[in-house]
Amino acid sequence: MHKTHRFTRAVTTPIILIVCLVMAAPAMARESLSSLRNDLTSTQNRVGTNSNDIATNTATGAANAAGIGNNEGNIRGNTIDITALQGSLAAAETTISTLQGALATAEATIATLVGLPALVVGLQAQIDAIQPTDVTALQAQVDAIEASPVFDLEGIVTVDDTNTLQGVAPPHVLFTGANVHIRNGAESTTIAQSLGN
C-alpha cells in the first residue's frame, strides 16, 4: 500500500507540470506573438525612417553634385581671372620698372637743379665784377670804332682777290666813285721819302 502511493505521486507530478505548461502555452504564445508584432512594427518604422533618410541623402547628394558642378565652373572662371590678373601684374611690374628709371633720372635732374642757385649767384657776382670796369672800357672802344673814318669808305672801297685786272693778278683794292689822293704828310711832293711820292 505504501509503494502504490509513492508511485502515484511520482507519476502525478510530471503530469501536473505538463498540464501547467499546456495551459500556460497559449498565454506565452500570445505574449511572444505580441512581442514579435511590436518588434515588426518597430522594424517597419526603422525601415521607413531609413527610407526617408535615403531619400534625403539622395536629394542632398544631388544638390551636392550640382554644387560641385557650380564650384567647378567657378574654379574655371577663377582660373581665367587669375591668368588675366597675372598678365596685368606683369604689365604693372614693367610700368613700375620704367617709372623707377624715370624717377632716378628725375632725381638726378633735381640734384642738378638744386645746385643751380649757387651757380647763378656765382655768375651774377662775376657779371657784377665785370660791368663796372670791362663794360665801360668796351663801350669806349665801340664808341671809338664807330667814330673811325674807316666807315666812310663803305660803298667806295672793295677788295677783289679772284679776278685779274688789266693783266695784273689779284688781289686788288678798288676805289669807286671817289678821287684818290696819296700824301706824304709833309704837304709837298718834292721831298723824296717814299711816303706818297
### Task
Just name one of Q86, I68, L33: the one whose Cα is farthest towards the positive end of the charge dipole of region 24-146 (beta-carbon charges, Lys/Arg +1, Asp/Glu -1).
L33
### Query
Roughly speaking, to the nearest percent, how much of region 56-156's 1.4 Å accessible area is carbon and sulfur?
67
### Task
Tell me the GluC sites (Glu not before Pro) within region 57-164 that lie in a loop according to DSSP and have at most 10 other beta-carbon atoms within 10 Å.
E154
### Summary
Using alpha-carbon positions, the gyration tensor of region 41-144 gives root eigenvalues a ≥ b ≥ c; with a/c under 1.5 called rounded, otherwise prolate if a/b exceeds b/c, else oblate, the class is prolate
### Query
Where the centroid of each part is defined by its Cα atoms, how far is region 60-117 from region 149-186 in Å?
83
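The values are calculated or read from the model by the stated rules, or taken from the named source; none is laboratory data. Computed from a prediction, not measured in an experiment: that's the story for all the values here. Please note: Cβ atoms are built from the backbone with ideal geometry, for glycine as well, and neighbour counts cover all protein chains shown. Quick note on the areas: whole protein, heavy atoms, side chains included, nothing else; ligands and nucleic acids left out. Shrake-Rupley method; radii C 1.70, N 1.55, O 1.52, S 1.80 Å.
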